[in-house]
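Take a look at the structure below.
The values are calculated or read from the model by the stated rules, or taken from the named source; none is laboratory data. In this text the structure is predicted, and so the values were computed from the model without any measurement. Counting neighbours? That spans all protein chains shown, and the Cβs are built from the backbone with ideal geometry, glycine included. For accessibility, only protein heavy atoms count, side chains too; no ligands or nucleic acids. Shrake-Rupley method; radii C 1.70, N 1.55, O 1.52, S 1.80 Å.
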Amino acid sequence: MHYFEQDEYEWLQALFRKFIQWYYPRFCALTFVMRRQQEYIADASAANATSAQVTAESLVMNHAGGRYYYQEFLPAVLEEAEQSNEEPRPLTRLYELMASMDEKRERLEEYMQKALVEKTGYADSHPSLSDRLNALRCQPVLPSLRNQAVDVYLKNGAGLGEQGGGVPQSYGSDW
């Protein structure tokens, strides 16, 4: 549609807009079940590659950590950048957050509980967290917040070693 909405293709706009408006909802409805099933297949594949418990903990952390990130962390970074004349340092802040995750555990537990009560709906092809955990036959558990991969990545500088004090510092200086 973006291609056809250019001025030189005005005559195609009317023709294809009607078709797309008719076709797209039907296509989405026909493929919805397949897209939902593919989410379960992806979870099962992850469980086969690691374990069901590791996959479940990743799903829980994705839901709880994602909520924390978008509802608390990112707004704080943006507000700080707005009020300060200094360059934003989101990775430095993320590293600091990872270092203090144990203090945030109670908040993450709240976000996990909120995610667990959500029901699978028809607006999204992703099943709810509780449905995904049930399919894996795992209980919801917030994983250990120490020595997560992102913590190691940020602390060690993703292979920068002795060259430069880690990703947060190099990213900040490149900003």
Is it the case, given these coordinates, that Pro88 is part of a loop (DSSP other than H, G, I, E, B) and open to solvent by 30 Å² or more (accessible area, probe 1.4 Å)?
yes
Just to be sure, is Arg26 farther than 19 Å from Ser130 by Cα, open to solvent by 50 Å² or more (accessible area, probe 1.4 Å) and either without any contact (Cβ under 8 Å) to a residue 40 or more places away in the chain or among the aromatic types (Phe, Trp, Tyr) (or both)?
-> yes
Checked the stretch 66-85 for anything touching a helix residue (DSSP H, G or I) at 6+ places or on another chain (Cβ under 7 Å), within 20 Å of Leu116 (Cα to Cα) and open to solvent by less than 40 Å² (accessible area, probe 1.4 Å); matches are Tyr68
Taking the stretch 36-52 and keeping only residues that are of a type outside the set (A, V, I, L, M) and open to solvent by 80 Å² or more (accessible area, probe 1.4 Å), one is left with Gln37, Gln38, Asn48, Thr50
Pairing a residue in the stretch 37-50 that is touching a residue at least 24 places away in the same chain (Cβ under 8 Å) with any residue that is among the basic types (Lys, Arg) and open to solvent by less than 60 Å² (accessible area, probe 1.4 Å), where Cβ atoms lie under 6 Å and the two sit 6 or more apart in sequence or on different chains, gives Asp43/Arg132
Going through (1) modelled with pLDDT under 90; (2) out of contact with any Phe, Trp or Tyr (no Cβ under 6 Å at 6 or more places or on another chain) one by one, Glu110 fails only at (1)
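Going through Glu57, Glu118 one at a time, which residue ends up being under 30 Å from Ala135 (Cα atoms), of a type in the set (D, E, K, R) and touching a Pro at 6+ places or on another chain (Cβ under 6 Å)?
Glu57
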Screening Pro88, Pro143 for residues that are more than 18 Å from the chain's Cα centre (by Cα) and modelled with pLDDT under 90 leaves only Pro88
Of those in the stretch 94-108 that are part of a helix (DSSP H, G or I) and open to solvent by less than 60 Å² (accessible area, probe 1.4 Å), the residue nearest to Arg132 (Cα to Cα) is Leu108
Scanning the stretch 121-130 residue by residue, those touching a residue at least 40 places away in the same chain (Cβ under 8 Å) and either part of a loop (DSSP other than H, G, I, E, B) or loosely packed, with under 15 Cβ neighbours inside 10 Å (or both) turn out to be Tyr122, Ser125, His126, Pro127
